[in-house]
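Data block below; observations after.
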Amino acid sequence: MDTAEIIVTTSGIFVNALVVWFFLLSKRRAVRAEGQKGIQEITIQVKGGYNPDRIVVKKGVPVRLNFFREETDGCSERVLFEDFGINRELPAFQTTTITLAPEKAGEYTFTCGMHMLRGTLVVEE
(Lines give C-alpha, C1' and ligand atoms only; values in the text may rest on other atoms or scores of the structure.)
Protein backbone atom coordinates (compact mmCIF):
# COMPACT_ATOMS: atom_id res chain seq x y z
CA MET A 1 0.00 0.00 0.00
CA ASP A 2 1.27 3.43 -0.81
CA THR A 3 0.73 6.56 1.29
CA ALA A 4 -2.41 7.70 -0.60
CA GLU A 5 -4.13 4.34 -0.09
CA ILE A 6 -3.30 4.40 3.62
CA ILE A 7 -4.72 7.91 3.99
CA VAL A 8 -7.92 7.02 2.09
CA THR A 9 -8.43 3.80 4.08
CA THR A 10 -7.80 5.52 7.41
CA SER A 11 -10.14 8.37 6.51
CA GLY A 12 -12.87 5.91 5.48
CA ILE A 13 -12.60 4.02 8.76
CA PHE A 14 -12.76 7.30 10.71
CA VAL A 15 -15.84 8.56 8.82
CA ASN A 16 -17.63 5.22 9.26
CA ALA A 17 -16.91 5.24 12.99
CA LEU A 18 -18.22 8.79 13.24
CA VAL A 19 -21.46 7.86 11.43
CA VAL A 20 -22.03 4.84 13.68
CA TRP A 21 -21.41 6.93 16.80
CA PHE A 22 -23.73 9.74 15.68
CA PHE A 23 -26.69 7.58 14.66
CA LEU A 24 -26.42 4.67 17.05
CA LEU A 25 -24.36 5.48 20.10
CA SER A 26 -24.76 9.17 20.88
CA LYS A 27 -27.39 10.00 23.45
CA ARG A 28 -29.47 12.99 22.51
CA ARG A 29 -30.08 15.40 25.33
CA ALA A 30 -33.57 15.27 26.74
CA VAL A 31 -35.29 18.55 27.59
CA ARG A 32 -37.82 18.76 30.41
CA ALA A 33 -41.01 20.70 29.72
CA GLU A 34 -41.43 23.66 32.06
CA GLY A 35 -44.44 23.57 34.39
CA GLN A 36 -46.57 26.67 34.93
CA LYS A 37 -50.05 26.86 36.42
CA GLY A 38 -50.62 23.12 36.15
CA ILE A 39 -49.48 22.83 32.51
CA GLN A 40 -46.14 21.60 31.21
CA GLU A 41 -45.07 23.60 28.16
CA ILE A 42 -42.26 23.55 25.63
CA THR A 43 -41.57 25.01 22.18
CA ILE A 44 -40.23 22.68 19.50
CA GLN A 45 -38.46 24.10 16.46
CA VAL A 46 -39.23 22.23 13.24
CA LYS A 47 -36.44 22.66 10.71
CA GLY A 48 -34.93 19.55 9.17
CA GLY A 49 -35.97 17.73 12.33
CA TYR A 50 -37.37 18.48 15.77
CA ASN A 51 -35.40 20.52 18.29
CA PRO A 52 -35.57 19.35 20.97
CA ASP A 53 -36.37 15.86 19.77
CA ARG A 54 -36.56 14.24 23.22
CA ILE A 55 -38.98 15.85 25.67
CA VAL A 56 -39.53 14.74 29.26
CA VAL A 57 -42.88 15.38 30.99
CA LYS A 58 -44.69 14.18 34.11
CA LYS A 59 -47.55 11.72 33.91
CA GLY A 60 -51.03 13.06 34.60
CA VAL A 61 -50.17 16.74 34.04
CA PRO A 62 -51.42 18.43 30.83
CA VAL A 63 -48.72 19.09 28.23
CA ARG A 64 -48.70 21.96 25.75
CA LEU A 65 -46.34 21.41 22.81
CA ASN A 66 -45.77 24.50 20.67
CA PHE A 67 -44.41 23.44 17.27
CA PHE A 68 -42.83 26.35 15.38
CA ARG A 69 -42.16 25.28 11.79
CA GLU A 70 -39.29 27.32 10.31
CA GLU A 71 -39.36 25.81 6.82
CA THR A 72 -41.53 24.92 3.85
CA ASP A 73 -40.18 21.40 3.26
CA GLY A 74 -43.11 19.09 2.55
CA CYS A 75 -41.86 16.39 4.91
CA SER A 76 -42.41 18.56 7.99
CA GLU A 77 -45.91 19.80 7.17
CA ARG A 78 -47.59 17.36 9.58
CA VAL A 79 -46.83 15.93 13.00
CA LEU A 80 -48.23 12.60 14.18
CA PHE A 81 -48.60 11.30 17.72
CA GLU A 82 -50.07 7.95 16.76
CA ASP A 83 -50.34 6.73 20.38
CA PHE A 84 -52.57 9.72 21.15
CA GLY A 85 -54.53 9.72 17.86
CA ILE A 86 -53.11 13.12 16.87
CA ASN A 87 -52.41 14.06 13.24
CA ARG A 88 -51.93 17.82 12.95
CA GLU A 89 -50.92 20.14 10.13
CA LEU A 90 -47.97 22.45 10.85
CA PRO A 91 -48.26 25.59 8.68
CA ALA A 92 -44.90 27.08 7.67
CA PHE A 93 -43.57 29.96 9.81
CA GLN A 94 -46.34 29.58 12.37
CA THR A 95 -46.72 28.05 15.81
CA THR A 96 -49.14 25.15 16.16
CA THR A 97 -50.08 24.12 19.69
CA ILE A 98 -50.90 20.54 20.61
CA THR A 99 -52.24 19.84 24.08
CA LEU A 100 -52.42 16.36 25.55
CA ALA A 101 -52.58 14.74 28.97
CA PRO A 102 -50.46 11.58 29.12
CA GLU A 103 -51.88 9.19 31.72
CA LYS A 104 -49.37 6.36 31.30
CA ALA A 105 -45.59 6.47 31.79
CA GLY A 106 -43.49 5.44 28.82
CA GLU A 107 -41.87 6.67 25.63
CA TYR A 108 -44.10 7.90 22.80
CA THR A 109 -42.75 8.61 19.33
CA PHE A 110 -43.88 11.56 17.26
CA THR A 111 -43.06 11.80 13.57
CA CYS A 112 -43.64 13.82 10.45
CA GLY A 113 -46.29 12.60 8.02
CA MET A 114 -43.66 10.59 6.11
CA HIS A 115 -42.19 9.07 9.32
CA MET A 116 -38.74 10.46 8.44
CA LEU A 117 -38.44 13.10 11.18
CA ARG A 118 -38.69 11.62 14.67
CA GLY A 119 -38.95 12.73 18.23
CA THR A 120 -39.78 11.13 21.57
CA LEU A 121 -42.10 12.26 24.35
CA VAL A 122 -40.85 10.64 27.57
CA VAL A 123 -43.58 10.45 30.22
CA GLU A 124 -42.26 9.87 33.75
CA GLU A 125 -44.07 8.93 36.95
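The values are calculated or read from the model by the stated rules, or taken from the named source; none is laboratory data. Treat the numbers as computed from the prediction; the structure is a model and nothing was measured. Cβ sites come from the backbone with ideal geometry, for glycine too, and all protein chains shown count toward neighbours.
Side notes on the structure shown:
- So residue 16, is it in a helix (DSSP H, G or I) and either within 14 Å of the chain's Cα centre (by Cα) or modelled with pLDDT under 95 (or both): yes
- Any hit, the range 83-102, residues being of a type in the set (Ser, Thr, Tyr), within 21 Å of residue 29 (Cβ to Cβ) and modelled with pLDDT of 95 or more: no
- Of note, residue 60 satisfies the criterion of being of a type in the set (Gly, Ala, Ser), within 17 Å of residue 32 (Cβ to Cβ) and in contact with a Pro (Cβ under 8 Å, 6 or more places away or on another chain).
- Restricted to the range 94-115, and to residues there that are within 18 Å of residue 48 (Cα to Cα) and in contact with a strand residue (DSSP E or B) (Cβ under 7 Å, 6 or more places away or on another chain), the residue that is surrounded by the fewest Cβ atoms within 10 Å (Cβ to Cβ) is 94.
- Among the residues making up the range 75-93, those that are out of contact with any Phe, Trp or Tyr (no Cβ under 7 Å at 6 or more places or on another chain), of a type in the set (D, E, K, R) and surrounded by 13 or more Cβ atoms within 10 Å (Cβ to Cβ) are 77, 78, 88.
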